[in-house]
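S.K.: Structure provided below as structure tokens; questions to follow.
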Amino acid sequence: MELNDRNPWQRKAARAWGILCLAVCLPVGSEARNVCLSTPNTSLVLDVEQGEEPKYVYYGRSLSPLDVENIGYVRNCDQPAYPAYGLDCPYEAAFAVRHSDGNLSTQLEVCAMEEKDTGEARTLSIRMKDKVYDFYVTLYYKAYRDVDIIEAWSSFRNEEKGEVVLGQFASAYLPVRRGDVWLSRLYGAWANEARLVQEPLRPGMEVIQNKDGVRNSHTAHAEVMFSLDGRPQEDNGRVIGAALCYGGNYKLRVNTDESEYHHFFAGINEDRSSWHLGRGEDFTTPPLALTFSSEGLGQASRNFHRWGRKYKLAHGDRERKILLNSWEGVYFKINEEGMEAMMSDIAAMGGELFVMDDGWFGGKYSRNSDKTSLGDWVTDRRKLPGGVGKLLREAEKRGIKFGIWIEPEMTNTRSELYEKHPDWIVQAPGREPVTGRGGTQLVLDLSNPDVQDYVFGVVDGLMTKYPGIDYIKWDANMGILNHGSHYLEGNRQSHLYIAYHCGFEAVCRRIREKYPDLTLQACAQGGGRANYGVLPYFDEFWVSDNTDALQRIYMQWGTSYFFPAMAMASHISAAPNHQTFRTVPLKFRIDVAMSGRLGMEIQPKDMTEEEKEMCRRAIADYKTIRPVVQKGDLYRLLSPYEGLGAASLMYVSQDKAEAVFYWWKTEHFMNQHLPRVRMSGLDAEKNYRIRELNRIDNQPLPYEGKVVSGAFLMANGLELPYVHQVERNRKNAYSSRVIYLEDAGD
Ligand code: GLA
């Protein structure tokens, strides 16, 4: 198997090496030397010496040249930069291989170091060789010039006589000095994604991992934050944040052993994924993005968001459209009249895009449920006689864009695709496949180049026929439940999980090359694809299939630790909610949805004129605040996880001239006492005019239209009424506020 054609990271590395060879090659002296990589506010220091194992020295706040020179003496850290297995065996390793002759040990020494400056970042590569074998490991550290992120990854090259098997291959390792270190991480389940958990690190091994094969963020997440100074705080204390940029199975390990360190390893999950590296072949791991903040979790999040918007998300500089998605409105009951009516409704409310969800396709088998037709991506003319072309024309008439749902990595046992290509599915050799959604769903084997061509063809076919399609919701409703590939050779079956993701990325890259302007949403049965591995190809992700506004506050809070609001699809849906059956008033549903990428997921036909008018006003206001929400800095003010009865956050524009403040009551008791929320991130010197958005109260707030200084708002906040002043028959248990602040000048 020609590995260079299959593994995008390998290709990336090959390209990188090509460039690095042209770059200045720094001689590595025989003296120990500290190499310092810096971002605007952080520094990473390594001790790199020819013929020695490189050592980690420091990661934290920026260092002066003097500090860099002497840090080795004052810090006293002698951890390897990338611990290899085989000598000092009892310790956890980042890297373990079986050499071509069966030897399980590796001993790495530095043989070269190179630096490449690309303008946006400086990338250091440290090339190491095994002391005995012709096996090479290179560590990369990419420090961005204008955001506080350093990406770290590794690559391997086998020049031995035979095949080497990679058993453990972390992207990076970082020792975190013990003390009162707390870990913040996300956990969850379908319809309850991205729940936040924060706990002190204790002796022993903490493992955060995923083995789904396709989706990797329904349950645990591949991103964490370490608060180094005790209980995590939003605005204070040192924090190291880490996000593995990978869409497949991952494993993050934090080993707290008898040493002075918590040993943090992050990379592809090696379980059932050992990789056979033939002579002359390379393997490159996905990057681990690291950030450091001296101002608590909040600054660490803002660092990730800025980097995400500028360097990771597709179109991170572009504002997202306000859309209506058909799913919760009609489910599989798609027809022309219904789609056109929904388009008219969203256009009338000021929306900019309509997305036709599942149920529009099928040839021999109609897609009326989740049991059939995946793979048969032809318009079901029984439902849509005028086809997608007609819908596009109707959208255009209404002045909106059109989007469509697909799930191209999957098929059903009842589909023409499966009948034609039974060998394209992921299947354990010689066994009946375990099926997924609907009892009939199967995953296509993306390690197979023919399947990759087919999946690319699904998008390419649609876009060629209907170039007007503006948006694709790309879904993935099943994990790998069967280990086996008809394509991979018998002794390469352990490549399946990784090869699947290489194939997926290869397809995504082709799509992006050909359709750079297309908007893509990563949906995976809700929030299964919220990760920085897929975001370079996708503009956003669906946070959860659960659209209940109250529960969304918790999920979007967790998600906001790592991902910017512009990537978080957040929709106004029906009451009672279709997942929790909770009846949340429209005001509250709007106020929550407006804190992310606003959309609607509802049947407008079932809404009253008054409700539609409320949405119309909210959409108009969202257009005003959209640049602040989607491109501004996030400040989390009051966590729903604190259980204090309310939650609050705000976005502040980069120039601090505008801000949007959100407050949602999470519990309702009579005569309760809620904390007054102090604002954050404003310019103390500026004066802000206060305007409430989405007001339902009969009377405006006492400070409506008044001007208050940023200093006051940050020191004291605003007193918010706990309930809405409305007629008795309109009262309910919910209360929320959205307040827009605008620089009023002097
Ligand atoms: C998944 C998605 C939903 C919807 C359905 C359609 O569950 O998460 O948003 O698109 O599939 O079948």
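S.K.: If I take R0 = 51 Å and measure r between the Cβ atoms of ARG728 and ASP655 in this structure, what FRET efficiency does the formula 1/(1 + (r/R0)^6) give, to the nearest 0.05? Kindly include the intermediate steps, with their values, before the conclusion.
M.R.: Numbers: r = 44 Å, r/R0 = 0.86.
Efficiency computed from Cβ-Cβ geometry: 0.70.
S.K.: Additional query: Students often forget the sequence filter, so: which lysines lie under 25 Å Cα-Cα from LYS731 once same-chain residues fewer than 8 apart are removed?
M.R.: Leaving aside lysines fewer than 8 places away in the same chain, those within reach of LYS731 are LYS587, LYS605, LYS612, LYS665.
S.K.: For an R0 of 41 angstrom, estimate the FRET efficiency from the Cβ-Cβ distance between VAL207 and ASN76 and round to the nearest 0.05.
M.R.: On the way: r = 29 Å, r/R0 = 0.70.
FRET efficiency, VAL207 to ASN76: 0.90.
S.K.: Once both labels are modelled 7 Å past Cα along the beta-carbon direction, what's the ARG676-LYS514 spacing in nm?
M.R.: It works out to 6.0 nm between the two label points.
S.K.: Can you bin region 422-560 into rounded, prolate or oblate? Criterion: square roots of the alpha carbon gyration tensor eigenvalues sorted a ≥ b ≥ c, rounded for a/c under 1.5, prolate for a/b above b/c, oblate for the rest. If you can, show how the numbers build up before the last one.
M.R.: Numbers: a/c = 1.95, a/b = 1.28, b/c = 1.53.
Because a/c hits 1.5 or more and a/b fails to exceed b/c, region 422-560 counts as oblate.
S.K.: Compute and list, largest first, the equivalent-ellipsoid semi-axes of region 369-492 from the alpha carbon gyration tensor, each √(5λ) rounded to a whole angstrom. Could the numbers behind the result be given before it?
M.R.: Values: eigenvalues 196, 45, 26 Å².
One finds semi-axes of 31, 15, 11 Å for region 369-492.
S.K.: In region 304-335, whose amide N lies under 16 Å from the spot 7 Å out along Cα-to-Cβ of SER366? List them in ranges.
M.R.: 331-335
S.K.: Would you work out the charge dipole size for the chain about its Cα centre, treating the Cβ of every Lys and Arg as +1 and the Cβ of every Asp and Glu as -1, and quote it to the nearest 20 debye? Please list the in-between numbers first.
M.R.: Working: 89 positive and 101 negative charges, 341 e Å.
The dipole magnitude comes to about 1640 debye.
S.K.: Let me ask another. Need one number: nm distance between label points at ASP117 and GLU609, each 7 Å from Cα along Cα→Cβ, rounded to one decimal.
M.R.: Reported label-point gap for ASP117 and GLU609 is 6.7 nm.
S.K.: Ok, one more. What lysines sit close enough to LYS116 to cross-link, taking a C-alpha to C-alpha distance under 17 Å and skipping anything fewer than 8 places away on the same chain?
M.R.: Within the straight-line limit of under 17 Å, LYS116 reaches these lysines: LYS12, LYS142.
S.K.: Bin width 10 Å, alpha-carbon pairs only: give the P(r) of region 593-746 as whole percents, running from 0 to the bin holding the largest distance.
M.R.: Pair shares across the bins are 10, 38, 37, 13, 1.
S.K.: At 1.4 Å probe radius, can you tell me the per residue accessible area of the chain in Å²?
M.R.: Details: 27300 Å² over 746 residues.
Per-residue accessible area for the chain comes out at 37 Å².
S.K.: Run lengths n ≥ 4 of DSSP H only: what is the helix-derived mean residue ellipticity at 222 nm for the chain, with -39500 (n - 2.57) per run over all residues, to the nearest 500?
M.R.: Values: 14 runs with 160 residues, N = 746.
Roughly -6500 deg cm²/dmol at 222 nm, from the helical runs in the chain.
S.K.: Additional query: Quick one: pull the percent of accessible area on region 634-743 belonging to carbon and sulfur, 1.4 Å probe, ligands and nucleic acids left out. Intermediate values should be presented prior to the final figure.
M.R.: Working: 2530 of 5210 Å².
Looking at region 634-743 in its full context, I get 49 percent from C and S.
S.K.: Please identify the longest segment of the chain free of exposed chymotrypsin sites (Phe, Trp or Tyr not before Pro), where exposed means a DSSP state other than H, G, I, E or B and no more than 12 other Cβ atoms within 10 Å. Display every interim value, and only then the final one.
M.R.: Details: sites that count: PHE581, PHE669.
Formally, the longest exposed-site-free interval is 1-580.
S.K.: Which is farthest toward the positive dipole end of region 634-743 among ASN716, PRO675, ASN698, measuring Cα position about the Cα centre, with Cβ charges +1 (Lys, Arg) and -1 (Asp, Glu)?
M.R.: ASN698
S.K.: For LYS321, what charge total do you get from the other residues with a beta carbon under 12 Å from its beta carbon, if Lys and Arg give +1 and Asp and Glu give -1?
M.R.: That works out to +1.
S.K.: For region 33-312, what percent of Cα pairs sit more than 30 Å apart? List each step's numbers first, then the result.
M.R.: Values: 10378 of 39060 pairs.
Tail fraction, whole percent: 27.
S.K.: Report the local net charge at ILE406: Lys and Arg +1, Asp and Glu -1, summed over other residues whose C-beta lies under 11 Å from its C-beta.
M.R.: Values: positive: LYS473; negative: ASP357, ASP358, GLU407, GLU409, ASP475.
Residues near ILE406 contribute -4 overall.
S.K.: So if I place +1 on the C-beta of Lys and Arg and -1 on the C-beta of Asp and Glu, and nothing else carries charge, what would the dipole magnitude of region 33-312 be about its Cα centre? I want it in debye, nearest 20.
M.R.: On the way: 32 positive and 40 negative charges, 164 e Å.
That gives region 33-312 a dipole magnitude of about 780 debye.
S.K.: When the chain is fully extended, how far beyond the present Cα-Cα distance does MET714 get from ASP271, taking 0.36 nm per residue of separation?
M.R.: Between MET714 and ASP271, full extension yields an extra 154.6 nm.
S.K.: Which FRET efficiency value, to the nearest 0.05, is calculated for MET463 and ALA341 with the Förster distance at 22 angstrom and r the Cβ-Cβ distance?
M.R.: Values: r = 26 Å, r/R0 = 1.18.
Computed FRET efficiency for MET463 and ALA341: 0.25.
S.K.: I'm a student and want to see the number: the projected area of the Cα convex hull of region 129-208, averaged over all directions, in nm².
M.R.: On the way: hull surface 38.2 nm².
Over every viewing direction, the Cα hull of region 129-208 projects on average to 9.5 nm².
S.K.: Looking at this model, which pairs from LYS390/LYS514; LYS364/LYS514; LYS390/LYS465; LYS473/LYS514 are more than 21 angstrom apart at the alpha-carbon? Walk me through the numbers before you get to the answer.
M.R.: Values: LYS390/LYS514 24 Å; LYS364/LYS514 30 Å; LYS390/LYS465 12 Å; LYS473/LYS514 17 Å.
Over 21 Å apart, Cα to Cα: LYS390/LYS514; LYS364/LYS514.
S.K.: Follow-up question, since we're still on this one. For the chain, what are the per-bin percents of Cα-Cα distances with bins 10 Å wide, up to the bin holding the maximum?
M.R.: Percent of Cα pairs in each bin: 3, 14, 24, 24, 19, 11, 4, 1, 0.
S.K.: In the chain, if the dipole is taken from +1 on Lys/Arg beta carbons and -1 on Asp/Glu beta carbons about the Cα centre, which of LEU252, SER573, TYR688 is farthest to the positive end?
M.R.: Of the options given, the answer is SER573.
S.K.: Once you have the Cα-Cα distance between ASN491 and ALA744, take 0.36 nm times their residue separation minus that, and quote the gain in nm to one decimal.
M.R.: Working: separation 253, 0.36 × 253 = 91.08 nm, distance 6.86 nm.
84.2 nm is the gain from fully extending ASN491 to ALA744.
S.K.: Taking only the alpha-carbon positions of region 377-423 and ignoring solvent, what does the Debye formula give for the base-10 log of I(q)/I(0) at q = 0.34 Å⁻¹?
M.R.: -1.19
S.K.: May I ask you to list, by number, the DSSP H helices of the chain whose Cα span along the axis is at least 30 Å and whose average Kyte-Doolittle hydropathy reaches 0.5 or more?
M.R.: Values: long enough: 609-631 (32 Å, -1.06).
Span-like helices, by this rule, are absent here.
S.K.: With the cut-off at 1.5 for a/c, could you classify region 475-518 from its C-alpha gyration tensor as rounded, prolate or oblate?
M.R.: On the way: a/c = 4.00, a/b = 1.93, b/c = 2.08.
Note, shape of region 475-518 comes out oblate.
S.K.: With the radius of gyration and the Kirkwood radius both derived from the Cα set of region 544-583, what is their ratio Rg to Rh?
M.R.: Details: Rg = 10.5 Å, Rh = 10.6 Å.
Dividing the radius of gyration by the Kirkwood radius yields 1.00.
S.K.: For every other residue with a beta carbon closer than 12 angstrom to the beta carbon of ARG626, add +1 if it is Lys or Arg and -1 if Asp or Glu, then tell me the sum.
M.R.: Values: positive: ARG318, ARG320, LYS321, ARG597, LYS623, LYS631; negative: GLU319, GLU352, ASP621, GLU658.
The answer is +2.
The values are calculated or read from the model by the stated rules, or taken from the named source; none is laboratory data. The model shown is predicted, which means the values in this text are computed figures rather than measured ones. Cβ: placed from backbone, ideal geometry, glycine included. Neighbour counts: every protein chain shown. Side chains included, ligands, DNA and RNA excluded: accessible areas come from the protein's heavy atoms. Shrake-Rupley method; radii C 1.70, N 1.55, O 1.52, S 1.80 Å.
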